[in-house]
Structures are given as structure tokens and as C-alpha cells.
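So the structure is just underneath, and the comments pick up after that.
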Amino acid sequence: MSVATKARKLGLKQRYALMTRGLGWETTYQPMDTVFPYDTYEGIKIHDWDAWEDPFRLTMDAYWKYQSEKERKLYAVIDSFAQNNGHLGITDARYVNAIKLFLTGVSPLEYQAHRGFAHAGRHFRGVGPRIACQMQSIDELRHAQTQVHAMSHYNKYFDGFHDKTHMHDRVWYLSVPKSFFDDAMTAGPFEFLTAISFSFEYVLTNLLFVPFMSGAAYNGDMATVTFGFSAQSDEARHMTLGLEVIKFMLEQDEGNTPIVQRWMDKWFWRGYRLLALVAMMMDYMLPKRIMSWQEAWEMYFEEAGGALFEDLSRYGIRPPKYHEVAAKEKDRISHEAWGIFYNYTHAAAFHTWLPNEDEMAWLSAKYPKTFDKIYRPRYEQWAKMKAEGKRFYNNTLPQLCTTCQIPMGFTEPDDPTTICFRSSEYRGERYHFCSDGCKDIFDYEPEKYIQSWLPVHQIYQGNCGGAELGQVLDWYHINQGADNLDYDGSPDQQLWDKWMSDRKKAAS
Amino acid sequence: MSLDIKTSVVESRRQTYANVARRQGADRPASRYDEATYDMQPTVNFHYRPTWDPGYLLYDPSRTAIRMDDWYALRDPRQLYYATYTIARARMMEAEEKNFDFVQKRGLLESVDDAWVDKLRRYMLPLRHYEWGANMNNTAITDLGYGTAITQAASFAAMDRLGIAQILSRVGLLIDGNSGDTLKGAKEAWLNDEMWQGVRKMVEDSFVLRDWFELFVAQNFAMDGVVYPLIYDHCDAQEARHGGGALSMLNEFMIDWFADHCRWVDAVLKVAAAESAENRELISGWASAWAGRAMQAFRPIAAFALEAGAEDAMAAIQAALKKRANSIGLEI
């Protein structure tokens, strides 16, 4: 045999298949089930791993080329943002608190996704899904690192950015995103992909990523918005993986349907609860608002998600359980969440404030049924107390939902004036929940959720630096009097005002 | 003469993140590698045990017998984070593409001795499966390893190995005119050819190692430390004698890559071994055992490709690996 003199033309699909799909083999010196011990215990049955469709057919040569070009452009913008004091171009320093929440709450999740996809990228026995997961794994590392680099400049000028992983591992409200991702990563690889690739990336990403990035664009934060644009093409790939994994499981075996449905129910609710933080960011933390949480929910979940679940109905999949509860809550969760943070602003690593008159008018217009009736009077009362020198703080620790770990501040689906409490007994202990959705998740896997590292319980057990609030905040690495408390009077606000007045002087 | 553009100065309040400042001992400007690497991985207060392995925490330093006071001491001397990694590899790949173009346009493969091409199909192309195994192993290290310093570099190594498997596939496609016959043959050899079974068994055994640091030593130091010099150095030199200079050009990516890879692997092992006598002993033990196995497993490949020259080549490889081990404080 010798070298062929004529080369056959290869299509992208054939080329990809030849270069990639044949790489794996059936092991014989070690049993396949020992080499791949984790892809069966969840009960998902796969009869033909080769039926996996690779939507992108990206080989490494192309991956390196595209991604390096994107990185060059992104870092050029980040450098120029820093060189030109880009932070002075934002609408108002209150905005910065939204990205403090992003860096401490979301960027660590990007890192977790990097590791979680590495786990899935090692443990599926099919080559196609494994490579898709591996590429997503390093994409997620990219997102975590570019966020750290983009926000490094803000850290130099504002408080609250300085210790993200330390805080993510400890601070009370950050246990909400942390427990969400720990939950996904400690599940099997198929549930992990359903949770993150499908429920999170495919169904809910327009409600997480897009509001932060659009918020950045609206508020003059060019570093963050450039990162957002640059990550968009990665996200498109990730969303496609999310849909592919669902279809793959559903098409492989009918017995997979009820398992997948239960995961969709669980991860819809888990993701939706996490988005309460985004809801309050959209409605309260952006000086220049994009749209209300309710509008976003209607557009991205009710309309887009509705069409998706209609499409999946041919597999016997129905919309996730309790989506109707989310619809009932859409004109209140942002207000309820902001209220919680206003109560506990002394224990948070970002600032809160009361909405001003213009902002209240906007909220009234966006939430005509609830705002003036329920929330405006509350803010007016708090404003009055503050004017009298009696700024309201909640000085006791809140009860947390065992599942989502948010303080129990959400209300009954059919009554926005009554706090919703649910509970379950397990092995002689009582566990508390904010909703039927969170209670169901616990009841299905109590052995998992009784392990929850609940920040309030941990403080009471003496595991968080001490019994005094100040000791706990030190343990959190929250710089007291700088990172926490109201925006008004904070070092951030004082410096911002000084920078702005210096600018005016320079211009005149 | 210098130009002096006037800008308004805004005093910064800090130079870097607090976690980086603590490690530097001072708040001074930090590199992008440091900011993107230090303390990225969560370390405490995990909520649930993995359902897939409840004996361990989600991130658990006890998944290896190696003990480090600070896992971030295992720095990557190349200081690769995602941006610098993709930019570095895109550059290498650009050069490799030019080589492929050059070889293809001039039909250079046709000048290689037919017998040597046949040989190459058997000794080189099955390595695409070896590389895929290396991809799996480095992905396993990314999965179970501790501390971003080593796990991020392992994730880059994993993607490198997929890239190399694909380059080897392209060499095959160049030979068979895109029919894919060479790749089918290579897989058949990997699965059934007697000469490859020692290597395949070794690779499959590495898949089930429980200690990820042992896996790091086995794959990245021992197995690679034998096969890369064998194929891309000794066989490459033989190739030239059979009109295979063109093939040698296609090996450029792997040759450059291995030099880069060794910088990382050696730096990691040197620091880990210097940490304690226990670490040094463990790593030396693993390195000896796996290097011995790799020598044994690749011997038939060397004999096939190098014939009479095989013994000398393997002896040289063994001596070089021993020297490399000694230079980083290991005994093998």
C-alpha cells in the first residue's frame, strides 16, 4: 500500500466524524462499567451512544483559532477600560453593586461549571457527549477567568469585590447559588446536564446572563458588556448541548421520560428560586433599568419556555411543576427579595438603598397591581424611620428554607400578604421550606438535603467566627463600614461623588 | 524627547484581590495568571456529598495520598490561563496548518518510501487512541484534582491531547486520501494487533486508578516520557532516512508541545516532591513503576519501527527519563 494521490472531498460532518468519533473504544482489559462507573446509577438507559448528534462538530484546531481571536479582542477592551478609568463612565455607583453580586454569586458558579463539566466529560461512555462536555468545561473556565479579570479594575476602586471565593464559601446569601451548584455537581452526570445545560443554560439563561449583561450595557459598564458579547457564542453552543442531551435521553428509552421529567421539575424550581436574586437586581439595583422582572419572566419563560415545552410534549414531557406558582409570584418576588436585603444590609457585602421617587413611579407603572398597595407603603415607612434616625434593621437571624436557603420571606401563592411556610418531618427532625416546590425537592431526596450547610444554623452552632454579628462579618471577610450597610454614606458613594465633582470642576 | 499626555489621575484604593494580596504578602499589582488561578476552587462548607462517591467531599484533598500544605504551590511555569492558553495553541496550530498545506500542495508524502508509510500506519496512527486515553486521564485529573493551579493546567492538557489525536487522524487522512481506511486500520491494530496490547492494557489500567496524582505521574510523566521521545525523536529520525522529511514536518506540533508539556509536568513534580520525604517516596515509587511498565509496553512498538536500532533507542529513552527524574528530585 502507498500514499493516495487523490483526496476525496470531505464534508464538515464526515471530517469531524473521522477525526473524532472513532477515537473511543470498548475496553476489554478493564470492564467498561469499571472505566465508566457513574453513567448508569441514575437509571437512565442508553442503548446507542453513537446516536448522539454533535451539533457543532468543532475540532480543536478550529476551537483554538476562534477562541483565541475572541480572547484577544476581549482583553484589548478590558485593558482600554482600565487605562481610561472606565468605571467613571457608569451611570451611578449604585450600579456597581449589581456586579458585586455577580462576581461573588455567579462567577464562582462558572468555575464550578468548569469542574462539573470535566466530571461529565470524563464519565460518559460516549465520545460525542464527552467532547461536548469537555469543551464546555474549558469555556466555563474562560468565563470565570474573564469575569475575574474584567472586574479586577472595579476591585481597585470599589468595596465588596475583594474576596469572592472566601465569601462564596461562607456568606449567608451566597449559600443560595453555592448550594444550587453543589446540588447539581453532587448528582449523577445526566442529572447534572439536565440541571445546568438544560434547565439553567437553555431555559433560564436569558433570565440570568442576559439581564446582567444588558444591565451592564444600559449602565455604561463596557468591560462587563464586552465580556457578555464575547461569551454569547459560547453560550449558544452550551444551550444547544442542553437541548441535545434532553432529546438524546428521551429518544433512547421511554423509561427515561419520568426521570427526566422529575429532574426538569426539580431544576426549574431550584433555578427559579435562585433567580430571585436576579429579579431584585433588575428591579432595584440598576440605575438605568432594562425591563421589569415580570416582563422578563413573561417574555423569556412564559412565551419562549412555553413554546419549548410544547415542542417537548411529543416525548410525553409537560411544563415543569409549579410553573403556575412562579407566574403568580412574578409581580412580587423582586420586592420581597429586596426587602430581605434592606433588612439585612448590615450583613451583606453590597449596599442597599430605598428607591427614589422616580424609581417608585417606575415600579408603580410596571407593577400596577401590587406595588402601590403592598410595597410602596413599606418603603415610605422605612424612609420615615430613617429620616427619624431609626433606620430599620432586622437584628435577629432569619429562618432559612432548607432547600433553596433563602430566608423565609416569600408569600403564599394566593396571598401576597401572608408568609408561606411549609415543613416536613424526617427522622424526628422538622425541616422548613419556603414553598411547595422546595418541600417536594426535599421530600424526594431527604438524605441529600439534611446535609445542607445552612448559614443561620451554622452561626448558631458557633461555626462562623463567633456569637456576635461583628465576629461573623469578620469571618466572612466583610469590611465593616465599607462593604456593608446603606449606599448613602458609604465610602463608595463618597468617592463617587468626589470623582464626579472633580470632573465637573475640570470641565468648567 | 517624550510626549506627555495629560490625564486625570484617579487614585486606586487597592492593587489586587485580597486573596491574592494575602498570598503575595502585600497588596501590590498581581499578574493575570495569579488573579485567574489563586483560590478559584471552593474549599469549605460543601452542602452535599457526591451521590456518585459519598466517601469524599465535592473537592477533597484526600483523594490522593500526596499531601501539600498549599496546593497552589503547584504553579504552572508557563502561566497559562484560558486566554494565554488558547492564544499559544492557536499560534502552534497555525504553524502546523502551514506544514500540512506545504506537504499537501507539493505532494510530499508521495516521496516517502511505501514500506515506511505502511510501517507508519502501524506504529504511529494507533497513537490517536493513546492520545484519547491521555485526554480521558487529564480530564479525570481536572475532575478530581485539588486546587485550580493543577486542575486548570490538566484541563488544557486534556484538550491538547484531543487536538493531537485529531492531528494524527489528519496524517492518516492525508495518507489514505480521506477514505478513512488508515484510521480503521489503526483502530483495528489498537484493538487486536499483538504489538499494541501491552500499551492498550496499560492505558486501560490507568483509567481505573483511584489516586489522581498517581494518574498524573503515570500519564504525564511516565507513559508520555517514553512514547514521545520514541515516536517524535527516534522514529522521526528514522523517517528522515526513508524520504520521510515531510512527515517530520507534520510532527512539529507534537515536538513543540512535548517540550512545553515537560516544563509543566517537571515543575509540578519538583515542587510536590520537595514538599516532604513522604511525597518524594510516593512519587518516585509511582514514577518507577509506571516508567517500567511503559518501557515494557512500548518495546514491541520500538522493535517494529526501529528494528535493529530499537534496543539502543529504548536504552537512551530510559536513561533520559532517569536523568529527568533525578533533576526534579525523584529516584527511579
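Before moving on, here are some points about what is shown:
- Condition met for A:L243 (surrounded by fewer than 22 Cβ atoms within 10 Å (Cβ to Cβ), modelled with pLDDT under 95 and not aromatic (F, W, Y)): yes
- Leading residue by the ranking (farthest from A:M135 (Cα to Cα)) among those in the stretch B:184-200 that are crowded, with 23+ Cβ neighbours inside 10 Å and more than 8 Å from chain A (Cβ to nearest Cβ): B:W196
- Scan of the stretch B:162-183 for residues that are within 25 Å of the chain's Cα centre (by Cα), more than 8 Å from every other protein chain (Cβ to nearest Cβ) and free of Cβ contacts under 8 Å to residues at least 60 places away in the same chain, ordered by number: B:L168, B:G172
- Any hit, the stretch A:201-221, residues being among the small types (G, A, S) and not in a helix (DSSP H, G or I): yes
- Residue match in the stretch A:87-97 (condition: modelled with pLDDT of 95 or more, within 30 Å of A:N463 (Cα to Cα) and part of a loop (DSSP other than H, G, I, E, B)): no
- Tabulated pairs, the stretch A:4-26, first more than 7 Å from chain B (Cβ to nearest Cβ), second of a type in the set (V, I, T) and crowded, with 17+ Cβ neighbours inside 10 Å, C-beta under 7 angstrom, 6+ apart or interchain: A:Y16/A:T59; A:R21/A:V127
- Within the stretch B:201-219, the residues that satisfy the criterion of being assigned to a loop (DSSP other than H, G, I, E, B) and more than 7 Å from chain A (Cβ to nearest Cβ) are B:L209, B:R210, B:D211.
- Boolean, A:L208 is surrounded by fewer than 23 Cβ atoms within 10 Å (Cβ to Cβ) and not hydroxyl-bearing (S, T, Y): yes
- Selection of the stretch B:73-124 for residues being touching an Asp or Glu at 6+ places or on another chain (Cβ under 8 Å), closer than 30 Å to B:P61 by Cα and polar (S, T, N, Q) yields only B:T86.
- Exactly one residue out of A:W353, A:W293 is closer than 29 Å to A:L174 by Cβ and surrounded by fewer than 20 Cβ atoms within 10 Å (Cβ to Cβ), and it is A:W353.
- Filtering the stretch A:367-421 to residues that are crowded, with 17+ Cβ neighbours inside 10 Å and outside any loop (DSSP other than H, G, I, E, B) leaves A:F371, A:I374, A:Y375, A:R376, A:Y379, A:W382, A:L400, A:P407, A:T411, A:P416.
- For first residues located in the stretch B:1-29 and at pLDDT 95 or above, partners that are among the aromatic types (F, W, Y) and not in a helix (DSSP H, G or I) and lie 6+ apart or on another chain with Cβ distances below 7 Å form the pairs B:N19/B:Y38; B:V20/B:Y38; B:R23/B:Y38.
- Residue list for the stretch B:103-132, restricted to those being modelled with pLDDT of 95 or more and not basic (K, R): B:Y123, B:M124, B:L125, B:P126, B:L127, B:H129, B:Y130, B:E131, B:W132
- Residues of the stretch A:145-171 that are more than 7 Å from chain B (Cβ to nearest Cβ), in a helix (DSSP H, G or I) and among the β-branched types (V, I, T): A:T146 alone.
- All conditions in (1) free of Cβ contacts under 8 Å to residues at least 40 places away in the same chain; (2) more than 7 Å from chain B (Cβ to nearest Cβ); (3) crowded, with 24+ Cβ neighbours inside 10 Å hold for A:E110, with the sole exception of (3).
- Any hit, the stretch B:228-246, residues being surrounded by 18 or more Cβ atoms within 10 Å (Cβ to Cβ), without any contact (Cβ under 8 Å) to a residue 24 or more places away in the chain and either part of a helix (DSSP H, G or I) or not aliphatic (A, V, I, L, M) (or both): yes
- Cβ-Cβ under 9 Å pairs, at least 6 apart or on other chains, the stretch A:127-144 side at the interface with another protein chain (Cβ under 9 Å from one of its Cβ atoms) and in contact (Cβ under 8 Å) with a residue 12 or more places away in the chain, far side among the acidic types (D, E) and outside any helix (DSSP H, G or I): A:I131/A:D54
- Residue count for the stretch B:175-184, restricted to those that are in a helix (DSSP H, G or I), out of contact with any helix residue (DSSP H, G or I) (no Cβ under 6 Å at 6 or more places or on another chain) and not acidic (D, E): 1
- In the stretch A:423-443, the residues that are in contact with a strand residue (DSSP E or B) (Cβ under 8 Å, 6 or more places away or on another chain), assigned to a strand (DSSP E or B) and surrounded by fewer than 19 Cβ atoms within 10 Å (Cβ to Cβ): A:S423, A:S424, A:E425, A:R430, A:H432
- Residues that are within 18 Å of A:L174 (Cβ to Cβ), in a loop (DSSP other than H, G, I, E, B) and within 26 Å of the chain's Cα centre (by Cα) do not occur anywhere in the stretch A:487-498.
- Flag if A:V456 is farther than 26 Å from A:W263 by Cα, in a helix (DSSP H, G or I) and touching a Leu at 6+ places or on another chain (Cβ under 8 Å): yes
- Where B:S169 falls short, out of the listed (1) among the small types (G, A, S); (2) surrounded by fewer than 22 Cβ atoms within 10 Å (Cβ to Cβ); (3) assigned to a helix (DSSP H, G or I): (2)
- Output for the stretch A:66-86, where each listed residue is more than 26 Å from A:Y16 (Cβ to Cβ), facing another protein chain (nearest Cβ under 8 Å) and either free of Cβ contacts under 8 Å to residues at least 40 places away in the same chain or in a loop (DSSP other than H, G, I, E, B) (or both): A:N85
- Filtered residue count, the stretch A:34-65, keeping only those that are more than 7 Å from chain B (Cβ to nearest Cβ), free of Cβ contacts under 8 Å to residues at least 12 places away in the same chain and closer than 30 Å to A:G228 by Cβ: 1
- The one condition in (1) touching a helix residue (DSSP H, G or I) at 6+ places or on another chain (Cβ under 7 Å); (2) within 14 Å of another protein chain (Cβ to nearest Cβ); (3) hydroxyl-bearing (S, T, Y); (4) under 14 Å from A:A93 (Cβ atoms) that A:S501 fails to fulfil: (1)
The values are calculated or read from the model by the stated rules, or taken from the named source; none is laboratory data. For clarity, every value in this text was computed on a predicted model and none was experimentally measured. Ideal geometry is used to build each Cβ from the backbone, glycine not excepted, and the neighbour counts take in all protein chains shown.
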